[in-house]
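Beneath this line is the structure, given in structure tokens, with notes to follow.
The values are calculated or read from the model by the stated rules, or taken from the named source; none is laboratory data. Everything quoted here is computed from the prediction, not taken from an experiment. Cβ sites come from the backbone with ideal geometry, for glycine too, and all protein chains shown count toward neighbours. Quick note on the areas: whole protein, heavy atoms, side chains included, nothing else; ligands and nucleic acids left out. Shrake-Rupley method; radii C 1.70, N 1.55, O 1.52, S 1.80 Å.
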Amino acid sequence: MVPTELVEKEFWRLVNSIEEDVTVEYGADIHSKEFGSGFPISDGKRKLSPEEEEYAGSGWNLNVMPVLKQSVLCHINADISGMKVPWLYVGMVFSAFCWHIEDHWSYSINYLHWGEPKTWYGVPSFAAEHLEEVMKKLTPELFESQPDLLHQLVTLMNPNTLMAHGVPVVRTNQCAGEFVITFPRAYHSGFNQGYNFAEAVNFCTADWVSPPKNGAMTPQKIRVIHQNVG
């Protein structure tokens, strides 16, 4: 197995290179309602084993977590794909997800079912504006033509560059059988170390509904969201 550090070094070398082109494929944002979940589901379509029954009702099952009574999303009746209903991700080496935050600044949870590790980079929510300022400062021409560039999930910037400009960045390698949770307004990005299969969904705990501090959602905004999707 190639050490993760070497794969990471080669990934950023390719990203920074203007002379080399590499094409990779990434099966991202695949609807689990249509193609099935990696977790067992009690939907009556097939008989589950006793072990599967246990996992089907577990709060760590990503089909269950968003609608637990501790999650604000349980009060939204509609199935929101990717937010209340998990999305699937089939990755290959160097397939990447660019810097972004979650819709409505919600929490997210990602589970790696099997395969090679997934390398993550994260920036705490208190530094979100700093990251945005640094990116705009270093690539002004991109943001002048596309002010909403960071909402398009197409922007990669080396974590070392961000840290050199004072943005705090943490990293981790997620291995098969492990969860990664991102917090509200915490920018994150990363890439896959090889062939793997992951599943992700959003959830919102009670602290997400708080006075509008650091952009947290307000009850008024939640009512609007409920009216729009319910």
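Once the range 146-213 is represented by equal point scatterers at the alpha-carbon sites, with solvent omitted, what log10 I(q)/I(0) does the Debye formula produce at q = 0.14, 0.25 Å⁻¹? Computed log10 I(q)/I(0) values: -0.66, -1.33. In this label model, residue 13 and residue 164 are separated by 1.8 nm, measuring between points 7 Å along each Cα→Cβ vector. Exposure check, 1.4 Å probe, all protein chains in place: residue 154 carries approximately 90 Å² of accessible surface. The string of couplings for the range 44-51 from the Karplus curve (6.51, -1.76, 1.60, θ = phi - 60°) is x, 6, 8, 7, 8, 6, x, 5 Hz, one whole number per residue in order, with x for Gly and Pro. Residue 171 exposes around 110 Å² of accessible area when a 1.4 Å probe is run over every protein chain in place.
Once you charge only the Cβ atoms, +1 for Lys and Arg and -1 for Asp and Glu, what is the size of the charge dipole of the chain about its Cα centre, to the nearest 20 debye?
Values: 16 positive and 27 negative charges, 157 e Å.
Roughly 760 debye, rounded to the nearest 20.
Centroid-to-centroid, using Cα positions, the range 6-51 and the range 158-188 are 18 Å apart. Counting only heavy atoms of the protein chains and using a 1.4 Å probe, residue 203 has close to 20 Å² of accessible surface. Once the chain from residue 151 to residue 70 is taken as fully extended at 0.36 nm per residue, the excess over their C-alpha distance is 26.3 nm. For the set 175, 204, solvent exposure ranked by accessible area (probe 1.4 Å, protein chains only) runs largest to smallest as 175, 204. The residue 81 and residue 114 beta-carbon pair, evaluated with R₀ = 25 Å, returns a calculated FRET efficiency of approximately 0.65.
Kindly sort 135, 163, 65 by accessible area of their heavy atoms, largest first, with the probe set to 1.4 Å. It would help to have the intermediate numbers written out before the result.
Numbers: 135 0, 163 90, 65 25 Å².
Most to least solvent-accessible, the answer reads 163, 65, 135.
Which sequence of 109, 41, 18 reflects their accessible areas, 1.4 Å probe, from the largest down?
The most accessible residue leads, giving 18, 41, 109.
Stretching the chain fully between residue 55 and residue 31 yields a gain of 6.6 nm (0.36 nm per residue, less the alpha carbon separation).
In Å, the Kirkwood hydrodynamic radius of the chain over pairs of distinct alpha carbons?
Working: mean 1/r = 0.0525 Å⁻¹.
The answer is 19.1 Å.
Restricting attention to the range 1-73, lysine pairs at least eight places apart or on different chains and with alpha-carbon atoms under 27 angstrom apart total 5. Using the Cβ-Cβ distance between residue 136 and residue 2 with R0 = 22 Å, the FRET efficiency computed as 1/(1 + (r/R0)^6) comes to roughly 0.05.
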